[in-house]
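Report on one structure; see the data block that follows.
The values are calculated or read from the model by the stated rules, or taken from the named source; none is laboratory data. Note that the structure is a prediction, hence the values are computed from the model and not measured. Neighbour counts run over all protein chains shown; Cβ positions are idealised from the backbone, glycine included. Please note that ligands, DNA and RNA were not included when accessible areas were found on the heavy atoms of the full protein model with its side chains. Shrake-Rupley method; radii C 1.70, N 1.55, O 1.52, S 1.80 Å.
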Amino acid sequence: MQWRQWGYVATLCLSLGMASTGVNAAGPALAPDMVQALESLQQRMQDNASESAIDDAKSAAERLQGGNRADRWARALFLQLAATGEARQGRDAEAADLFRQARRIDSVDADSRQRWLNQEARLRLRAGQTSQGAQLLERWLEDHPDDRDGLWFMVQAQATQEQWTQAAQWVDRARRAGDMDADRRRLAASVYQHAERYDAALALLDDQLQSESDDPQAWRRAAALAQRMQQPGLAAALWEAGWRRGALAGEDDLERLIRLHLAGGTPARAAEHLETAFEKGTLSRDSEHRRLLAEAWTSARAHQKALSAWRALAEDTQTAADWRQLGELAYGWGEWSTAIEALRQAREQGADPARTWLLEGVSQLESSDEEAARKAFEAARDAGASQAEAWLASLDERDAGKAPDVDASPKAPTPQTPSDTP
């Protein structure tokens with residue numbers, strides 16, 4: 001995270017903000033020519049913090065080293081001017097070192113020492129000296145607990161160091177101080193998320209959604225956070241809300257919406273979005289999207305729609321896996337004619353003959369075609385299905401009540417995917 005990118009980074013005070021009486025009031029009285037020199041150099045800094053002006057300030061401070069109290073006070077003021085110039089030139093670390101020298105001079109009053117401590121802390125943070133800057137800023141906040149900018153600087157410092165628990169504690173303090181804009185709200189939500197304080201993070205994001213409902217990134221962050229909280233249903237609901245508002249749009253966002261509904265326990269809604277997209281031409285009717293539709297209707301246990309979707313996919317791909325999936329589902333749901341047809345197609349495309357013949361035999365038996373069932377069981381036996389002999393024996397006995405209890409029974413659990421079937 002770059003400190004310079006922060007919209008709320010306070011601008012360093014580039015002016016001493018004092019007339020000659022102010023100089024004397026802040027510290028030991030200075031000679032008129034010293035006050036004039038300070039004010040002249042200050043004006044040069046304000047007009048253009050040139051290298052020569054910075055060098056002059058450093059030289060003046062060097063000459064005054066080791067003098068009396070007034071000289072030491074003047075030295076501190078020249079160091080402050082040099083630090084201001086370095087900061088305006090973008091040399092934050094050098095500016096921080098100069099403020100450090102200035103505040104450690106014994107003639108400096110408490111207010112100036114605190115002000116320079118604060119400026120040094122922020123400069124060190126901007127210079128990437130995060131640990132040192134945070135330590136200094138914490139000292140400042142001990143005496144200035146209501147400094148809102150300082151509190152948020154501490155949040156950023158702790159987050160930069162990935163000290164998430166401490167960062168979250170600073171967020172708590174900063175929020176109590178008020179003045180939390182959109183950037184700070186996003187930072188706070190991110191910190192809470194990393195600190196695994198998910199409810200607090202989601203509450204902040206919810207506030208942001210209320211005020212920035214057209215910001216797509218806000219909706220994406222909220223949905224991602226819900227997923228981290230292991231609330232896929234909430235993630236789907238948030239994405240759906242963003243989609244309906246128009247904040248989320250386009251093919252990628254639509255596909256993400258569909259997959260979130262599948263993961264979130266609302267597969268029927270995923271299927272509806274897919275069918276609408278097919279009708280509008282938003283998504284192509286390729287095999288990937290057709291399979292997604294079939295899986296969605298299957299998860300929703302919408303039998304006829306699922307079987308229709310799997311049939312359309314299998315007819316398109318002509319793969320053994322897709323025909324077998326259609327056959328297994330139809331078998332599990334008691335759609336015997338569809339099961340028989342699909343299992344035959346799967347077998348023709350290279351599916352396991354033992355399994356498909358066995359399931360076809362049961363389907364034929366349930367359809368009251370014992371002759372076709374016997375042929376199917378015989379083929380299953382020849383293909384190596386161990387349960388086929390038991391089914392043939394049951395046909396010979398013509399006693400349905402003694403039918404073998406095997407995984408080809410019509411009471412077997414409904415298969416969900418090809419990999420889930422025996």
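Please work out how much accessible surface residue 340 shows to a 1.4 Å probe, ignoring ligands, DNA and RNA, in Å² rounded to 10.
Probe radius 1.4 Å; accessible area of residue 340 about 20 Å².
Rounded to the nearest 500 deg cm²/dmol, what is the calculated helix-only ellipticity per residue at 222 nm for the chain, with -39500 (n - 2.57) per DSSP H run of length n ≥ 4?
-22500 deg cm²/dmol
Comparing 194, 261, 144, which has the greatest mean-square fluctuation in the GNM of the chain with Cα pairs linked when under 10 Å apart?
Comparing 194, 261, 144 in the GNM, the peak value goes to 144.
For the range 164-241, what is the Kirkwood hydrodynamic radius in Å, using each pair of distinct C-alpha atoms?
Every distinct Cα pair counted, the radius reaches 12.5 Å.
So for the range 252-372, averaging the separation of alpha carbon pairs under 8 Å that are six or more residues apart and normalising by length, what relative contact order in percent results?
Relative contact order, the range 252-372: 15 percent.
Which angle from 0 to 90°, rounded to the nearest 10, does the C-alpha axis of helix 320-332 make with the longest principal axis of the chain?
Orientation of helix 320-332: about 70 degrees from the principal axis.
Express the relative contact order of the range 77-229 as a whole percentage, based on alpha carbon pairs under 8 Å and six or more residues apart in sequence.
Relative CO of the range 77-229 lands at 12 percent.
Can you tell me the accessible area per residue over the chain, all protein chains present, probe 1.4 angstrom, in square angstrom?
Ligands and nucleic acids excluded, the figure is 47 Å² per residue.
For the range 37-184, just say rounded, prolate or oblate: build the C-alpha gyration tensor, square-root its eigenvalues into a ≥ b ≥ c, call rounded for a/c under 1.5, and beyond that prolate if a/b exceeds b/c, oblate if not.
prolate
Convex hull volume of the Cα atoms in the chain, per residue, in Å³?
Convex hull volume per residue, Cα atoms: 196 Å³.
Given a 1.4 Å probe and every protein chain left where it sits, what share in percent of the accessible area of the range 215-302 is carbon and sulfur?
Carbon plus sulfur share of accessible area: 44 percent.
For the residue pair residue 33 and residue 302, what label-to-label distance in nm results when each label sits 7 Å from Cα along the Cα-to-beta-carbon direction?
So the label points at residue 33 and residue 302 sit 9.4 nm apart.
GNM on the chain, C-alpha springs below 10 Å: top fluctuator among 165, 282, 298?
Highest fluctuation of the listed residues: 282.
When the label point is put 7 Å from the Cα of residue 176 along its Cα-to-beta-carbon vector, which residues of the range 119-153 have a backbone N closer than 18 Å?
Within reach of a label on residue 176: 138-153.
By how many degrees, between 0 and 90 and to the nearest 10, does the Cα long axis of helix 148-160 differ from the longest principal axis of the chain?
Its long axis makes an angle of about 50 degrees.
Note the angle between two axes, namely the Cα long axis of helix 251-263 and the longest principal axis of the Cα atoms of the chain, as a number of degrees from 0 to 90, rounded to the nearest 10.
With both axes taken from Cα atoms, the answer is about 70 degrees.
Assuming R0 = 41 Å, can you tell me the calculated FRET efficiency for the pair residue 366 and residue 287, based on Cβ-Cβ distance, to the nearest 0.05?
Computed FRET efficiency for residue 366 and residue 287 comes out at 0.85.
Below 28 Å Cα-Cα, how many Lys pairs turn up in the chain? Only count pairs eight or more apart in sequence, or on different chains, if you could.
Counting lysine pairs in the chain gives 5.
Taking only the alpha carbons of the range 203-344, what extent do you get along each of the three principal axes, in Å, biggest first?
Taking the Cα atoms of the range 203-344, the three principal extents are 58, 29, 19 Å.
Taking the alpha-carbon centroid of each part, what is the distance from the range 46-113 to the range 313-341 in angstrom?
Taking the Cα centre of each part, the range 46-113 and the range 313-341 sit 83 Å apart.
Report the relative contact order of the chain, percent, no decimals, based on alpha-carbon pairs under 8 angstrom and at least 6 residues apart.
Over the chain, the number comes to 6 percent.
Label residue 144 and residue 93 with points 7 Å out from Cα along Cα→Cβ: what is the distance between them in nm?
Each label point is offset 7 Å from its Cα along the Cβ direction, giving 2.5 nm.
Does the range 222-269 come out rounded, prolate or oblate by the C-alpha gyration tensor, with a ≥ b ≥ c the root eigenvalues, rounded set by a/c under 1.5 and, if not, prolate when a/b is larger than b/c and oblate if not?
Because a/c hits 1.5 or more and a/b fails to exceed b/c, the range 222-269 counts as oblate.
Under 18 Å from the 7 Å Cα→Cβ point of residue 389, by amide nitrogen: which residues of the range 330-363?
Taking a point 7 Å out along Cα→Cβ of residue 389, the residues of the range 330-363 whose backbone N falls under 18 Å are 354-355, 358.
Diagonalise the Cα gyration tensor of the range 233-300 and give the resulting equivalent ellipsoid semi-axes, square root of 5 times each eigenvalue, largest first, whole Å.
In descending order, the three semi-axes are 17, 15, 8 Å.
Rounded, prolate or oblate: pick one for the range 133-188, where a ≥ b ≥ c are the square roots of the eigenvalues of its C-alpha gyration tensor, a/c under 1.5 means rounded, and failing that, prolate if a/b is larger than b/c, else oblate.
Verdict is oblate for the range 133-188.
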